[in-house]
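Contents: one structure, followed by commentary.
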Amino acid sequence: MVVNSVHWFRKGLRLHDNPALQEALNGADTVRCVYILDPWFAGSANVGVNRWRFLLESLEDLDTCLRKLNSRLFVVRGQPADVFPRLFKEWNVTRLTFEYDPEPYGKDRDGAIIKISQEFGVETIVRNSHTLYSPDRWLTKTVYPVYVFFRIIEMNSNSPPLTFKRFQAIVNRLELPKKPLPTITQEQMASCRTQIADNHDEHYSVPSLEELGFKSQPDVTPVWKGGETEALERLNKHLDRKAWVASFERPRINAHSLFANPTGLSPYLCFGCLSSRVFYYHLRELYMKLRRKSSPPLSLFGQLLWREFFYTAATNNPNFDRMEGNPICVQIPWDHNPEALAKWAEGCTGFPWIDAIMTQLRQEGWIHHLARHAVACFLTRGDLWISWESGTKVFEELLLDADWSVNAGSWMWLSCSAFFQQFFHCYCPVGFGRRTDPSGDYIRRYIPKLKDYPNRYIYEPWNAPESVQKAANCVVGVDYPKPMINHAESSRLNIERMKQVYQQLSHYRGLSLLASVPTIQEEAEPPLSDDSQASSSGVPSSSTQTQSQQTQTQPQPQPPDPDPQLPATASVPPAQRKRGRTPEHRTSLNPKVQHTSQAKASEQPPQTTNKQ
């Protein structure tokens, strides 16, 4: 029997560690690699130009890599449900392979395609490779064989663990993730001839941004370049930081950390240009080689585990990205304020720290994980009292690494809508930035209007004398907006709102905490990730040894780092503050307490990250 395979790329835009692509090649006579430009993605207002550019660059790189194997990428425009019947007939397809997509839209789309494949007599093979831990059980009661249970969920009484502490405890008992598969070779591809027409580029080439309706941007030099080739080069640079891996010390955050780093990996994990399993095993093997130990600390893989945590938490919860119908989300009565939301999204709040972050996000498609914490807190429980759902949509449009589960989970966390209840911790939009970058270089780069302000006033230009404002050629209220809100008053009001919400929750287990913490406490210095605490939870050296043999009690989680970027801005869980920290480590909005936003904050906060 002749086997004509089609491998359908969606995420997983790579030739290394691609189980579904390997299945397409197995015993096939012909193999065609297809990417469908789905109108749902192409026409979505929630997909910004940086994400589009990164995707198209990734497809160009994939096509280049396939050319080296005497193959090509077939880019087809249209709805998958319309495209595949035509391709099945035209190419006499007998086998379709693709990577499992856990997102609700992906499940619905794939279910429809599997049904169509059955009608055409096409075998469908689905494999998981986007996450470390593969789902291992199928549900066949419906047409679409939905992956239902991660082993992690099975080990938690068939429900997702909703605390990172519990999640880690289960992971500690698991065997190691499956090892990555080798990269597709020329020999493999040679045995599966791919028919490439002379006019291939006329029908199946990767489109340009201009063809998709975006304006030409000849002067724009993207900070992030898409593709598997770039991903593997960055991984090698990342692993060249051998001293960091060997000592496993988290760099202190400083102004330089706020800028995009050449070893950043989060967008490549999100688009599947880099396999999470390859990343995991490269880290593990290098650590063992340098330290001569069989069990690296589990927290070394914190950025990957937080990613797994949110994917697991979102399993079988199609409303994970919204409040309505979401069983894990606290129903907070947020305000509806489109004007305030627009000012936040456009970087026009009048707070230079917040505006610089949102400007960087819009220009580059990435911001440091602590910058994400700052703007998320400002939009939701800190200042504007706007729903985290609005924040997820803005990040989905602008953020290169905006995985559905991780993005929604991080926003719920940071808004204290799920996973995290210490709502009295608040990021000060002045003191937090000043502590991170006292010189204001970050502000000057992304808000050039303020570049001539002295350091003393660059984080609060409204306090500068009129003469200073005129000398800097930037008058507040004329050249740069006035603060859109009184931070002290808004934060005080919002903490009272949060208290009322949580007091109404009969299942809330922290009511005693409310009574003991009457004031809001602001973060004056960014907390560190849990990798800085050098957790001794071990990862076993073989698949027969379980991680529970070396488990130690983990502190309770704190807001996640949604950005997998190591080592310069490691995306591992920011640890919580250690018990016993005294008030002078934070600022307070209690008028009886001296408001010192420059007060030194805890440098090693009790634990829980993504990254991203």
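What follows is calculated from the coordinates using simple rules that are stated; it is not laboratory data. In this text, all values refer to a predicted model and were calculated from it rather than measured experimentally. Backbone-built Cβ (ideal geometry, glycine too); neighbour counts: all protein chains shown.
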* Per 10 Å bin, what percent of the C-alpha pairs of segment 87-130 does each bin hold, from zero upward? -> 28, 52, 20, 0
* Three principal axis lengths of segment 289-433 [C-alpha, angstrom, descending] -> 55, 35, 29
* Asked: Among 312, 359, which comes first, second and so on when ranked by fewest other beta-carbon atoms within 10 Å?
  -> 359, 312
* Structure fact -> Residue-ordered couplings for segment 474-491, obtained by feeding phi - 60° into the Karplus form 6.51 cos²θ - 1.76 cosθ + 1.60 and rounding to whole Hz (Gly and Pro as x), are 8, 8, 5, x, 10, 9, 9, x, 5, x, 6, 7, 8, 4, 4, 5, 5, 5
* Structure fact -> Under the rule rounded for a/c under 1.5, else prolate if a/b exceeds b/c, else oblate, using alpha carbon gyration tensor axes a ≥ b ≥ c, segment 4-130 is classed as oblate
* What are the residues whose amide H is under 5 Å from the amide H of residue 427, where those residues sit 5 or more places off or on another chain and H is modelled from the backbone? -> 523
* To do: Could you tell me what percent of the DSSP beta bridges with both partners in segment 4-130 are antiparallel, to the nearest 5?
  => 0 percent
* Asked: With a 10 Å Cβ neighbour count serving as the proxy for reagent exposure, in which order, fewest first, do 366, 91, 306 appear?
  -> 91, 366, 306
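Among rounded, prolate and oblate, which fits segment 159-236 when a ≥ b ≥ c are the square roots of the eigenvalues of its C-alpha gyration tensor, a/c under 1.5 means rounded, and a/b larger than b/c means prolate?
The shape class here is oblate.
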* With 10 Å bins from 0: P(r) over segment 340-523, alpha-carbon pairs, percent -> 9, 36, 33, 16, 4, 0
* Going by C-beta contacts inside 10 Å, put 344, 385 in order with the fewest on the left. => 385, 344
* Structure fact -> Taking a ≥ b ≥ c as the square roots of the Cα gyration tensor eigenvalues, with a/c under 1.5 meaning rounded and otherwise prolate when a/b beats b/c or oblate if not, segment 359-430 comes out oblate
* Asked: Percent relative contact order of segment 340-523, based on C-alpha pairs within less than 8 angstrom and at least six residues apart?
  -> 26 percent
* Asked: Sequence-distant or interchain residues sharing an amide H contact under 5 Å with residue 32, placed H: which?
  -> 5, 6, 7
